[in-house]
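The values are calculated or read from the model by the stated rules, or taken from the named source; none is laboratory data. This structure is a prediction, so every number in the text was calculated from the model and none was measured. Note that we place each Cβ from the backbone using ideal geometry, even for glycine, and neighbour counts take in every protein chain shown.
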Amino acid sequence: MGLRYRQIHLDFHTSPDIPEIGALFDRKEFQEALKTAEVDSITCFSCCHHGLSYHPTRIGKMHPGLKFNLLREQIDACHEIGVNVPVYITAGVNSVAAAAHPEWREISRDGQWNGWRHSPLEAGFDKLCFNTPYLDYLCALIEETVTMFPDCDGIFLDIISQGQCCCRECMEEMVRDGLNPEVEADRIAHARKVLLKYYERSTAAARVHRPDMPVFHNSGHVTMGDTEILRYFSHLELESLPTGGWGYDHYPMSAAYSRNLGMEFLGMTGKFQTTWGEFGGLKHPNALRYECAAMLANGSRCSIGDQLHPSGKFDASTAAVIGAAYREVKEKEAYCRGAESVAAVAVLGRESITRIHAWFPEDSGAARVLLEEHIPFDFVDTQMDWSKYRFLLLPDEVCVTPELAVKLDAFRADGGKLILSGESGMNPEKNCFALKNLPFDWEGPSSYSPDYVQAAAAFAPEFATTPFVMYTRSQRIHAKPGAVSLGSVYDPYFNRDWRHFCSHQHTPYRPEPSGYDAGAMGDDVLYFAHPVFTLYRGWGAVAVREFIGRALRAFLGDALQLKTELPSTGRVTLMRQKEESRYILHLLYANTIIRGGSVTTLSGETIGRDGLEVIEELNPLPAGRVVVNVPEPVRRVVLVPENREIEFTRTSGGEIEFFAPEFRCHRMVALEY
């Protein structure tokens, strides 16, 4: 379908109590704002969370403060200057429908209404159940929209989820289907059935006139492993607002999976200081420059969330801020089209095994370690072909069923290597390891938590050659003869409890090692005895990350694709444009800082946001040595898009070595072969 690179997602959730909607909309002014922002696609609203439409409607309710067909005016203005207009329709929440039909609302097992409020005295939107006649109403809204606006460039359906609803329709249907509403597993199974019905019917409604109508269903996160639903999607949009609770490391992880699905995708950030629904919030232009660069580096197009003022006037400051980022994107697009990841390492995370819509700490911890250690990676699920990878990482709690064991054994038999940690590799009962020919013997979990590790010399951080705390328990293992031990585990004198404790936190370690190993490295398996990725995600201990990183590099050996002098806050990806016969190395750097925080005013009101990662300055990163290991004979190394050739040499091992000049934010280097 050819997704465009520079999109705005223009929110317009507008209260019925606000008058004169769109009164200041001016076609020429709107067009000039889009030109300033360098936008080539913008999502505009048909129906918002309030349940109000921004055009005449026979099915829904037109906003009482709107006197003309605003969506028609927006589409015409955009198409006149070559800008696409996908159309937004709320799906999971709708205040007009909920008020008219409270029996359509989703109800929890405790009898509470689901949604963004649980009391009529609270502000917020109401969640609807797709198993009620609301689905008929929604599909009629969708059909009306695509009939009225056949020239729209896609349909964006929002808030797509189905909870464990206990409304009358769901309870009766569960009983008819032989399910027990009192059993959570049965409620989950029924919710899945209802959700699939939603996908089928809503997609059909969107494509009632055009079988090729682009359709996207937004649930805020692409669940790894849940590929069954993808037949209802034309593309993906990865919602990941760094200041909205996602943080700056979430998007690279989400993209690392999505780029393996064979679908075009957008990254979606926001121009807001915090998150959606913020008027007047504006992040620094440098933050958007970095966020868009990170999208390009990870193989995606760009989308920036904005919110139109009820008057219909596009905010001039927003246009300028977005334009600062999108002018750079426009220059770089040619070096990103058709680019594919060439990572040698893939992560088979817990989310892809459970297919639960969640951010598991071991998955995000593994991504964070690999990002900070500058090791390119993808995420995969069990249904994908793993043959293009040389290493497969199963972080911390990926238990192995007999079916998965067969696929892992085949991967190893074909020359692939495994990286395991904690309970990964065990059977679902966790009473033994499900994989054969491991480089260690297992005796069960340790009874001590936490314990300590003195890393072997080859894997020890320079500043931590003595035992460092691991914050949690390990598995008791002995490295087999011929395997390499990662170091020694040191036990504490005792576990901390009411009977005996020492100091403020941890009981100190005994002077002598426990006799157990911190991990083992064999020919085709590297194993960490601790859940090191969850541990790093939770505590952020640099000593732990360096221990992991040194072991990973030793295990990767000559398959290590990159060596850089970037700081841990730098990011790097290696992509290939096969048709152009070149690799594109992306180097990224921004100094994020935590700002804001919850505070209590003199009146006792709690305000503020905790944990806001903010980018303001884009400090220059000095020139640094880069070594790239690719199989093709590289003939030129070129800084792009400026098209400036730089000198390079070949190491004795055939690697390409060069110095990347000083840069701010984002440096792209083409290796032509």
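Suppose we filter Ala324, Ala316, Ala334 for residues that are surrounded by fewer than 24 Cβ atoms within 10 Å (Cβ to Cβ), in contact with a helix residue (DSSP H, G or I) (Cβ under 6 Å, 6 or more places away or on another chain) and more than 22 Å from Thr382 (Cα to Cα); which single one remains? Lay out the reasoning, then the answer.
Working: Ala316 fails: in contact with a helix residue (DSSP H, G or I) (Cβ under 6 Å, 6 or more places away or on another chain); Ala334 fails: in contact with a helix residue (DSSP H, G or I) (Cβ under 6 Å, 6 or more places away or on another chain).
After ruling out the rest, the residue left standing is Ala324.
From the list Phe468, Phe433, which residue is free of Cβ contacts under 8 Å to residues at least 40 places away in the same chain, crowded, with 19+ Cβ neighbours inside 10 Å, within 19 Å of His530 (Cβ to Cβ) and not small (Gly, Ala, Ser)? Reasoning before the result, please.
Values: Phe468 fails: free of Cβ contacts under 8 Å to residues at least 40 places away in the same chain.
The match here is Phe433.
Would you mind telling me which numbered condition in (1) exposed (fewer than 14 other Cβ atoms within 10 Å of the Cβ); (2) touching a Lys or Arg at 6+ places or on another chain (Cβ under 9 Å) Leu602 fails?
Tallying (1) exposed (fewer than 14 other Cβ atoms within 10 Å of the Cβ); (2) touching a Lys or Arg at 6+ places or on another chain (Cβ under 9 Å), Leu602 fails exactly one: (2).
Could you go through region 316-324 and let me know if any residue there is assigned to a helix (DSSP H, G or I) and closer than 27 Å to Glu546 by Cα. I'd like the intermediate steps shown before the answer.
In the first step, residues of region 316-324 are kept if they are assigned to a helix (DSSP H, G or I); the result is 316-324.
Still in the list and also closer than 27 Å to Glu546 by Cα: none.
Looking through region 316-324, none of the residues is assigned to a helix (DSSP H, G or I) and closer than 27 Å to Glu546 by Cα.
Test Pro481 against the stated conditions and say whether it is over 40 Å from the mean Cα position of the chain (by Cα), closer than 30 Å to Gly415 by Cα and surrounded by fewer than 20 Cβ atoms within 10 Å (Cβ to Cβ). Full working, then the answer.
Working: over 40 Å from the mean Cα position of the chain (by Cα): yes; closer than 30 Å to Gly415 by Cα: yes; surrounded by fewer than 20 Cβ atoms within 10 Å (Cβ to Cβ): yes.
Considered against the rule, which asks whether it is over 40 Å from the mean Cα position of the chain (by Cα), closer than 30 Å to Gly415 by Cα and surrounded by fewer than 20 Cβ atoms within 10 Å (Cβ to Cβ), Pro481 comes out as yes.
Since Leu371 meets every condition but one in (1) touching a residue at least 12 places away in the same chain (Cβ under 8 Å); (2) outside any helix (DSSP H, G or I); (3) within 18 Å of Ser258 (Cβ to Cβ), which condition does it not meet?
(2)
Can you go through Thr354, Thr382 and tell me which one is of a type in the set (Ser, Thr, Tyr), at negative phi and modelled with pLDDT under 95? Steps first, answer last, please.
Working: Thr382 fails: modelled with pLDDT under 95.
Going through Thr354, Thr382 in turn, the sole match is Thr354.
In contact with a helix residue (DSSP H, G or I) (Cβ under 8 Å, 6 or more places away or on another chain) and either touching a residue at least 24 places away in the same chain (Cβ under 8 Å) or not in a strand (DSSP E or B) (or both): which single residue out of Phe45, Phe68 fits that description?
Working: Phe68 fails: in contact with a helix residue (DSSP H, G or I) (Cβ under 8 Å, 6 or more places away or on another chain).
The conditions single out Phe45.
Evaluate the following for Thr275: is it outside the structural domain of Leu52 (by TED's automatic domain parsing), at pLDDT below 95 and either within 25 Å of Ile615 (Cβ to Cβ) or not acidic (Asp, Glu) (or both)? Can you show your working first?
Numbers: outside the structural domain of Leu52 (by TED's automatic domain parsing): no; at pLDDT below 95: yes; either within 25 Å of Ile615 (Cβ to Cβ) or not acidic (Asp, Glu) (or both): yes.
Here the answer is no, as Thr275 does not meet what is asked.
From Glu80, Glu38, which residue is more than 20 Å from Val215 (Cβ to Cβ), touching a Lys or Arg at 6+ places or on another chain (Cβ under 6 Å), modelled with pLDDT of 95 or more and of a type in the set (D, E, K, R)? Give the steps one after another, and end with the answer.
Numbers: Glu80 fails: touching a Lys or Arg at 6+ places or on another chain (Cβ under 6 Å).
Within the list Glu80, Glu38, the selection yields Glu38.
So the check is Cβ under 8 Å with 6+ separation or different chains; which pairs have a first residue in region 185-198 that's under 16 Å from Glu228 (Cα atoms) and without any contact (Cβ under 8 Å) to a residue 40 or more places away in the chain and a second one that's of a type in the set (Lys, Arg) and buried (at least 16 other Cβ atoms within 10 Å of the Cβ)?
So the pair list comes out empty.
For residues that are of a type in the set (Ser, Thr, Tyr) and over 29 Å from the mean Cα position of the chain (by Cα), scanning just region 37-63, find the one that is surrounded by the most Cβ atoms within 10 Å (Cβ to Cβ).
Within region 37-63, the subset of a type in the set (Ser, Thr, Tyr) is 41, 43, 46, 53-54, 57.
Going one step further and asking which of them are over 29 Å from the mean Cα position of the chain (by Cα), we end up with 53-54, 57.
On the way: Ser53: 26, Tyr54: 28, Thr57: 18.
Ranking the candidates gives Tyr54 first.
What are the residues in region 232-264 that are crowded, with 24+ Cβ neighbours inside 10 Å and either farther than 19 Å from Ser352 by Cα or not assigned by TED's automatic domain parsing to the domain that holds Ser41 (or both), if any?
Pro242, Thr243
From the set of residues in region 520-550 that are among the hydrophobic types (A, V, I, L, M, F, W, C) and more than 19 Å from Tyr490 (Cβ to Cβ), which is nearest to the chain's Cα centre (by Cα)?
As a first pass, look at region 520-550 and keep what is among the hydrophobic types (A, V, I, L, M, F, W, C): 520-521, 525-526, 528-529, 532-533, 535, 539, 541-544, 547-548.
Checking which are more than 19 Å from Tyr490 (Cβ to Cβ) leaves us with 521, 525-526, 533, 542.
On the way: Met521: 31, Val525: 28, Leu526: 26, Phe533: 17, Val542: 23 Å.
The residue in question is Phe533.
Hey, does region 224-243 have a residue that's closer than 30 Å to His284 by Cβ, part of a helix (DSSP H, G or I) and in contact with a strand residue (DSSP E or B) (Cβ under 8 Å, 6 or more places away or on another chain)? Walk me through it before giving the result.
To start, the set of residues in region 224-243 that are closer than 30 Å to His284 by Cβ comprises 235-243.
Among the residues that remain, those that are also part of a helix (DSSP H, G or I) are: 242-243.
Next cut, in contact with a strand residue (DSSP E or B) (Cβ under 8 Å, 6 or more places away or on another chain) only: 242-243.
The answer is yes; a qualifying residue exists.
What residue, of Leu393, Leu370, Leu418, Leu404, is farther than 17 Å from Leu556 by Cα and aliphatic (A, V, I, L, M)?
On the way: Leu393 fails: farther than 17 Å from Leu556 by Cα; Leu370 fails: farther than 17 Å from Leu556 by Cα; Leu418 fails: farther than 17 Å from Leu556 by Cα.
Result of the check over Leu393, Leu370, Leu418, Leu404: Leu404.
Suppose we filter Arg576, Arg609, Arg553 for residues that are of a type in the set (Lys, Arg), surrounded by fewer than 19 Cβ atoms within 10 Å (Cβ to Cβ), more than 27 Å from Tyr490 (Cα to Cα) and within 27 Å of the chain's Cα centre (by Cα); which single one remains?
Numbers: Arg576 fails: surrounded by fewer than 19 Cβ atoms within 10 Å (Cβ to Cβ); Arg553 fails: more than 27 Å from Tyr490 (Cα to Cα).
Just one listed residue meets the conditions, Arg609.
All but one of (1) crowded, with 23+ Cβ neighbours inside 10 Å; (2) hydrophobic (A, V, I, L, M, F, W, C); (3) not in a helix (DSSP H, G or I) hold for Leu138; which doesn't?
For Leu138, the exception is condition (3).
Has region 436-456 got any residue that is of a type in the set (Asp, Glu), outside any loop (DSSP other than H, G, I, E, B) and either touching a His at 6+ places or on another chain (Cβ under 8 Å) or surrounded by fewer than 13 Cβ atoms within 10 Å (Cβ to Cβ) (or both)?
Taking region 436-456 and keeping what is of a type in the set (Asp, Glu), we get 441, 443, 451.
Checking which are outside any loop (DSSP other than H, G, I, E, B) leaves us with 441, 443.
From what is left, the residues that are either touching a His at 6+ places or on another chain (Cβ under 8 Å) or surrounded by fewer than 13 Cβ atoms within 10 Å (Cβ to Cβ) (or both) are 441, 443.
Within region 436-456, one or more residues are of a type in the set (Asp, Glu), outside any loop (DSSP other than H, G, I, E, B) and either touching a His at 6+ places or on another chain (Cβ under 8 Å) or surrounded by fewer than 13 Cβ atoms within 10 Å (Cβ to Cβ) (or both).
Might you check whether a residue that is closer than 30 Å to Lys332 by Cα, in a loop (DSSP other than H, G, I, E, B) and in contact with a Cys (Cβ under 7 Å, 6 or more places away or on another chain) occurs anywhere in region 507-519? Steps first, please.
From region 507-519, those closer than 30 Å to Lys332 by Cα are none; that's our starting set.
Within region 507-519, not a single residue is closer than 30 Å to Lys332 by Cα, in a loop (DSSP other than H, G, I, E, B) and in contact with a Cys (Cβ under 7 Å, 6 or more places away or on another chain).
What is the residue count in region 556-575 for residues that are hydrophobic (A, V, I, L, M, F, W, C) and under 22 Å from Gly540 (Cβ atoms)?
Just the residues of region 556-575 that are hydrophobic (A, V, I, L, M, F, W, C), to begin with: 556, 559-560, 562, 566, 572, 574-575.
In the following step, the residues that additionally are under 22 Å from Gly540 (Cβ atoms) were identified as 566, 572.
Qualifying residue count for the region: 2.
Only residues that are crowded, with 16+ Cβ neighbours inside 10 Å and closer than 30 Å to Asn94 by Cβ: list them for region 17-36, please. So that I can check it myself, show each step before the final result.
Within region 17-36, the subset crowded, with 16+ Cβ neighbours inside 10 Å is 21-22, 25, 30-31, 33-34, 36.
If the condition is that a residue be crowded, with 16+ Cβ neighbours inside 10 Å and closer than 30 Å to Asn94 by Cβ, then Ile21, Gly22, Phe25, Phe30, Ala33, Leu34 are the ones that fit.
Are there any pairs with C-beta distances below 8 angstrom linking a residue in region 245-263 that is closer than 15 Å to Val342 by Cα and without any contact (Cβ under 8 Å) to a residue 60 or more places away in the chain to a residue that is surrounded by fewer than 21 Cβ atoms within 10 Å (Cβ to Cβ) and of a type outside the set (Val, Ile, Thr), with the two at least 6 apart or on different chains, and if so which?
Leu261/Leu230
When both residues are 6+ apart or on different chains and their Cβ atoms are under 6 Å apart, which pairs have a first residue that lies in region 283-299 and is surrounded by fewer than 24 Cβ atoms within 10 Å (Cβ to Cβ), and a second that is in a helix (DSSP H, G or I) and not acidic (Asp, Glu)?
Pro285/Val321; Pro285/Ala324; Arg289/Ala325
Going through region 24-83 one residue at a time, which ones are touching a strand residue (DSSP E or B) at 6+ places or on another chain (Cβ under 6 Å) and hydroxyl-bearing (Ser, Thr, Tyr)?
Ser41, Thr43, Ser46, Ser53, Tyr54
Can Leu392 be described as touching a Phe, Trp or Tyr at 6+ places or on another chain (Cβ under 9 Å) and either part of a strand (DSSP E or B) or without any contact (Cβ under 8 Å) to a residue 40 or more places away in the chain (or both)?
yes
If you take the residues of region 115-125 that are in a loop (DSSP other than H, G, I, E, B), surrounded by 13 or more Cβ atoms within 10 Å (Cβ to Cβ) and at pLDDT below 90, which of them is nearest to the chain's Cα centre (by Cα)? I'd like the intermediate steps shown before the answer.
Restricting attention to region 115-125, the residues satisfying the condition of being in a loop (DSSP other than H, G, I, E, B) are 116-125.
Now restrict to residues that are surrounded by 13 or more Cβ atoms within 10 Å (Cβ to Cβ): 116-118, 124-125.
Then keep just the ones that are at pLDDT below 90; that gives 116-118.
Values: Trp116: 23, Arg117: 26, His118: 29 Å.
In this case the residue turns out to be Trp116.
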